[in-house]
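Peer 1: Can you read through this structure? Questions will come right after.
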Amino acid sequence: MTNHIAFVQFRTAVRRKGALAFCLALCMLGLALSASAREPSIITFDAPGADKGDAGDGTLAYVINDQGVIMGWYVDASTLHHSFLRTPDGRFTTFEDPVAATGSTCQGTSAWGMNDLGAITGIYTDANNVWHSFLRAPDGKFTNFDAPGAGSTGAVCGGQGTLAGTINAAGTIGGGYVDSDWVYHGYVRAPDGKITIYDPPGSLGTYGTLGTTEINPEGAIAAYFCDAVTCHGYLRAPDGTISVLDVPVSWAAQNTIAVSINPAWVITGYYGDANGVPHGFLRTPDGTYTRFDVPGAGATPGTGQGTYPNDINSAGAITGNYYDSNSVAHGFLRTPDGRFTTFDAPGAGTVVGSFQGTFPSTINSAGAITGSYTDANGVSHGFLRPAMP
């Protein structure tokens, strides 16, 4: 149960999938393109009301859609969660689920997914610290829902309940829920509100549909689950067919973690090698895998150093973060032809061994990237890396 609670706490803190998967797996586990004069200037921002003084608080930017709207949530000085939208001209709108509790630590509203029409999904906490999910329409109207079988035992910063994390243009939502035995399962909510629950065969915990990009326009989902031995990626087709995804046996992988699927059904993620060091992978629809590492990524076993993709856009560009040999995080962009650009948000912390740094979350079709960075005090802030001119 402890690992399951840590999963929620970490996923709702920042989109740092690398450390998350190591926790779930029970401690598992091209040439660099140099910056040039054309490198876009990174814009940093804080949501109104975000606490900028305490470690663990601040602004968490999660999604940028093709209109350039950024969505995420922030933690205030009372450790309550609130959600926000940031328009391309820098204006903020904050919002709350009308029934969310706001009385104690980690309660409130956390937006996790948004589509190009402006529909948003996420979670809110009730007075008993149980998670529930919401759909916020573009006009601001809320619809709340729970998956059948979701548990109702609360816990501070990570109880049982329903977690909605990703939504496509059709309004199909992917998410997960925690049952009364603290086991995770996946679900899909159709635009008409019908909820279908699922688990890959052998799953002892179905995770992954709690980010922002694990569902494509057709409703295909790429995420991961863990069995009694290891973790595997999976592809759930719109008709409900589930295919298990494991990188080639010759790579001596301990785990395979799928994190994002684009409209062409190209999937990215990462795997742990024989020493538990993570490396990125790309999987094409014909089942061909390509592995990659960001230049400068650390490789010390047992430290979490390595390469962590987070999102792939319609063109096949990938963004994510890597931890260097000092366990400091940096952002990266991998172009469709395999070239790398690395970057850091201004003000990102660089304390050795701190896991501070820059954490890209999503990349839109134009190539604009959003995410968060942690400063030297452990406070999170949002950033926007505009698309190349």
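Peer 1: Of the residues Ser372, Ser361, Ser327, only one is under 30 Å from Gly53 (Cα atoms) and assigned to a loop (DSSP other than H, G, I, E, B); which? Reasoning before the result, please.
Peer 2: Values: Ser372 fails: assigned to a loop (DSSP other than H, G, I, E, B); Ser361 fails: assigned to a loop (DSSP other than H, G, I, E, B).
Every option except Ser327 fails the conditions.
Peer 1: With the requirement that a residue be more than 14 Å from His232 (Cα to Cα) and touching a helix residue (DSSP H, G or I) at 6+ places or on another chain (Cβ under 8 Å), what does segment 184-207 give you?
Peer 2: Scanning segment 184-207 gives a single hit, Tyr184.
Peer 1: Right, next: Restricting the search to segment 375-389, which residues are in a strand (DSSP E or B) and either touching a helix residue (DSSP H, G or I) at 6+ places or on another chain (Cβ under 7 Å) or not aromatic (Phe, Trp, Tyr) (or both)?
Peer 2: Residues of segment 375-389 in a strand (DSSP E or B): 380-385.
Those that are in a strand (DSSP E or B) and either touching a helix residue (DSSP H, G or I) at 6+ places or on another chain (Cβ under 7 Å) or not aromatic (Phe, Trp, Tyr) (or both): Ser380, His381, Gly382, Leu384, Arg385.
Peer 1: Only residues that are surrounded by fewer than 20 Cβ atoms within 10 Å (Cβ to Cβ), over 18 Å from the mean Cα position of the chain (by Cα) and not small (Gly, Ala, Ser): list them for segment 114-138, please.
Peer 2: If the condition is that a residue be surrounded by fewer than 20 Cβ atoms within 10 Å (Cβ to Cβ), over 18 Å from the mean Cα position of the chain (by Cα) and not small (Gly, Ala, Ser), then Leu117, Asp126, Asn128, Pro138 are the ones that fit.
Peer 1: Kindly list, by first and then second residue, each pair from a residue in segment 133-150 that is over 15 Å from Gly165 (Cα atoms) to a residue that is not in a loop (DSSP other than H, G, I, E, B), limited to pairs with Cβ atoms under 6 Å and residues at least 6 apart or on different chains.
Peer 2: Every condition considered, the pairs that remain are Phe142/Phe134; Phe142/Arg136; Ala150/Gly161; Ala150/Thr162; Ala150/Tyr177.
Peer 1: A follow-up question, please. Considering (1) part of a loop (DSSP other than H, G, I, E, B); (2) under 17 Å from Ile215 (Cβ atoms), say which one Ser152 fails and leave the rest.
Peer 2: Of the numbered conditions (1) part of a loop (DSSP other than H, G, I, E, B); (2) under 17 Å from Ile215 (Cβ atoms), the odd one out for Ser152 is (2).
Peer 1: Shifting gears a bit: Would you confirm whether or not segment 261-275 contains a residue that is under 19 Å from Tyr198 (Cα atoms), surrounded by fewer than 22 Cβ atoms within 10 Å (Cβ to Cβ) and aliphatic (A, V, I, L, M)?
Peer 2: As a first pass, look at segment 261-275 and keep what is under 19 Å from Tyr198 (Cα atoms): 261.
Applying the additional criterion that residues be surrounded by fewer than 22 Cβ atoms within 10 Å (Cβ to Cβ) yields none.
Among the residues of segment 261-275, not one is under 19 Å from Tyr198 (Cα atoms), surrounded by fewer than 22 Cβ atoms within 10 Å (Cβ to Cβ) and aliphatic (A, V, I, L, M), which makes the answer no.
Peer 1: Right, something else. How do the strands (runs of 3 or more DSSP E) wholly within segment 167-249 filter down when requiring 1 or more residues that are touching a Leu at 6+ places or on another chain (Cβ under 9 Å): which remain? Outline the logic, then answer.
Peer 2: Numbers: elements: 173-178, 184-189, 195-198, 205-207, 221-226, 231-236, 242-245.
Per the criteria, 173-178, 184-189, 205-207, 221-226, 231-236, 242-245.
Peer 1: Among the residues that make up segment 335-352, is at least one of them in a strand (DSSP E or B) and in contact with a His (Cβ under 9 Å, 6 or more places away or on another chain)? I'd like the intermediate steps shown before the answer.
Peer 2: We begin by selecting, within segment 335-352, every residue in a strand (DSSP E or B); these are 340-343.
Still in the list and also in contact with a His (Cβ under 9 Å, 6 or more places away or on another chain): 342-343.
Yes: one or more hits.
Peer 1: With (1) part of a loop (DSSP other than H, G, I, E, B); (2) out of contact with any Lys or Arg (no Cβ under 9 Å at 6 or more places or on another chain) as the list, and Ala147 as the residue in question, which single condition is left unmet?
Peer 2: Going through (1) part of a loop (DSSP other than H, G, I, E, B); (2) out of contact with any Lys or Arg (no Cβ under 9 Å at 6 or more places or on another chain) one by one, Ala147 breaks only (2).
We did not get these values from a lab; they are worked out from the coordinates using the rules stated. Quantities reported herein were computed from a predicted structural model and do not represent experimental measurements. Ideal geometry is used to build each Cβ from the backbone, glycine not excepted, and the neighbour counts take in all protein chains shown.
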